[in-house]
Amino acid sequence: MTPYVADPVYLNGQFLPLAAAGVSPLDRGFLYGDGVYELIPVYSRHPFRLDEHLQRLQATLDGIRLANPLSSAEWRAVVEQLIASAPWADQSIYLQVTRGADNKRDHAFPPASVTPTAFAFSAPLTTTPDAVRARGVAAITVSDQRWARCDLKVISLLANILARQQAVEEGCAEALLIRDGYLKEGAASNIFIVKAGVLLAPPKTRLMLPGITYDLVIELADHHGQALQIREISEAELHDADEVWMTSSTKEVLAITTLDGKPVGNGTPGPCGEQMYRWYQNFKNTVMRKG
Ligand code: PDD
């Protein structure tokens with residue numbers, strides 16, 4: 001059986017087999033979802049934008065007032081060791097920090113003597129099959145039920161989980177989250193639309209995760225002279241879009257060709273998305289794979 005998680009994993013300063021890695025049931029990640037995470041894609045054993053991922057991890061830790069248990073150099077060393085030990089060239093590195101395990105359950109922060117739990121592992125990077133990418137995927141819109149700090153990459157993901165499960169049960173790949181009549185993002189992705197050749201992206205606010213892939217897509221658009229507007233996108237504009245794309249470290253740039261059961265544009269991946277996909281792949285092969 002191909003293992004999903006490579007051995008060893010990292011837990012609290014040690015590299016050890018997954019089967020030997022244990023966390024207390026009183027860990028606040030388990031009791032409260034009180035923790036943060038990152039997912040870093042690795043191409044040809046080179047982590048993509050590790051500094052930016054570590055900065056976002058730090059921003060999230062600051063946002064939940066939890067001291068980072070590792071320095072950037074220490075995280076970098078952990079990531080490098082996991083990448084070197086894993087059997088795959090393309091990987092996804094998962095990092096998680098929780099507020100640790102106290103000897104009791106209390107919502108308020110535990111005493112300073114309670115140390116955070118730091119966990120990390122490598123898994124193979126799963127990519128979208130060519131046939132799926134070529135026809136695009138279906139998505140639904142749902143009301144955004146999350147809290148008011150969606151810019152923080154926290155492990156408490158219940159609203160995202162319920163939204164994506166609803167999408168799966170309706171035969172769809174993603175749920176697009178609408179708050180107060182505006183598109184924010186997907187349950188596990190950022191969303192772009194195209195109207196009359198202009199690429200539109202929702203702005204980074206506290207109600208959207210600042211995606212590393214989102215940044216790259218905007219950089220590629222700027223670099224290649226693709227017309228771009230960063231502004232709020234209404235639900236009506238979303239439904240009237242010529243193209244809708246989802247972006248994330250694992251989905252890269254993926255066309256949404258059916259939305260709420262209706263075709264987006266002509267129901268096939270549009271020209272701007274296809275162009276962005278080629279720019280992205282070219283960047284991946286010429287920059288990301290070289291480290
Ligand atoms: N999710 N928005 C949300 C809510 C996300 O969960 C993600 C990524 C993104 C895209 O961020 P990035 O481009 O940095 O991957 C946007 C990851 C892949 C996950 O939860 O596994």
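The values are calculated or read from the model by the stated rules, or taken from the named source; none is laboratory data. The structure presented is a predicted model; accordingly, all values stated were derived computationally and were not measured. In this analysis, Cβ positions are derived from the backbone assuming ideal geometry, glycine residues included, and neighbour counts consider all displayed protein chains. Side chains included, ligands, DNA and RNA excluded: accessible areas come from the protein's heavy atoms. Shrake-Rupley method; radii C 1.70, N 1.55, O 1.52, S 1.80 Å.
Scanning segment 48-94 for residues that are over 15 Å from the mean Cα position of the chain (by Cα) and of a type in the set (Val, Ile, Thr) yields a count of 4.
In segment 66-77, the condition of being in a strand (DSSP E or B), aromatic (Phe, Trp, Tyr), under 22 Å from GLY29 (Cα atoms) and in the same structural domain as ASP34 (by TED's automatic domain parsing) is met by no residue. Answer yes if at least one residue in segment 223-231 is within 16 Å of the ligand (Cβ to nearest atom), touching a helix residue (DSSP H, G or I) at 6+ places or on another chain (Cβ under 9 Å) and closer than 30 Å to GLN55 by Cα, and no otherwise. Checked against the condition, which is being within 16 Å of the ligand (Cβ to nearest atom), touching a helix residue (DSSP H, G or I) at 6+ places or on another chain (Cβ under 9 Å) and closer than 30 Å to GLN55 by Cα, segment 223-231 yields at least one hit. Exactly one residue out of LEU209, LEU176 is open to solvent by less than 20 Å² (accessible area, probe 1.4 Å), of a type in the set (A, V, I, L, M, F, W, C), in contact (Cβ under 8 Å) with a residue 40 or more places away in the chain and within 15 Å of the ligand (Cβ to nearest atom): that is LEU176. Kindly indicate the residue of segment 98-131 that is within 15 Å of the ligand (Cβ to nearest atom) and not aromatic (Phe, Trp, Tyr) and also surrounded by the most Cβ atoms within 10 Å (Cβ to Cβ) among those meeting that condition. Residue satisfying both the conditions and the ranking: SER122. Please verify whether LEU157 is surrounded by fewer than 17 Cβ atoms within 10 Å (Cβ to Cβ) and either outside the structural domain of ALA138 (by TED's automatic domain parsing) or within 10 Å of the ligand (Cβ to nearest atom) (or both), treating the condition exactly as stated. So LEU157 fits the description; yes. Given the criteria without any contact (Cβ under 8 Å) to a residue 24 or more places away in the chain and crowded, with 20+ Cβ neighbours inside 10 Å, does LEU54 qualify? Taking the combined requirement at face value, the residue satisfies it.
When ALA148, ALA134 are screened for being under 30 Å from ASN68 (Cβ atoms), surrounded by fewer than 19 Cβ atoms within 10 Å (Cβ to Cβ) and not charged (D, E, K, R), only ALA148 passes. Return yes when ASP90 is under 30 Å from ALA236 (Cβ atoms), in contact with a Leu (Cβ under 6 Å, 6 or more places away or on another chain) and within 16 Å of the ligand (Cβ to nearest atom) and no when it is not. Against the criterion (under 30 Å from ALA236 (Cβ atoms), in contact with a Leu (Cβ under 6 Å, 6 or more places away or on another chain) and within 16 Å of the ligand (Cβ to nearest atom)), ASP90 does not qualify.
When the residues of segment 246-265 are filtered to those that are within 23 Å of PRO41 (Cα to Cα) and more than 12 Å from the ligand (Cβ to nearest atom), which remaining residue is least open to solvent (accessible area, probe 1.4 Å)?
Taking the candidates together, the pick is ILE256.
Between GLU243, GLU169, GLU237, the distinction of being of a type in the set (Asp, Glu) and free of Cβ contacts under 8 Å to residues at least 40 places away in the same chain belongs to GLU169 only.
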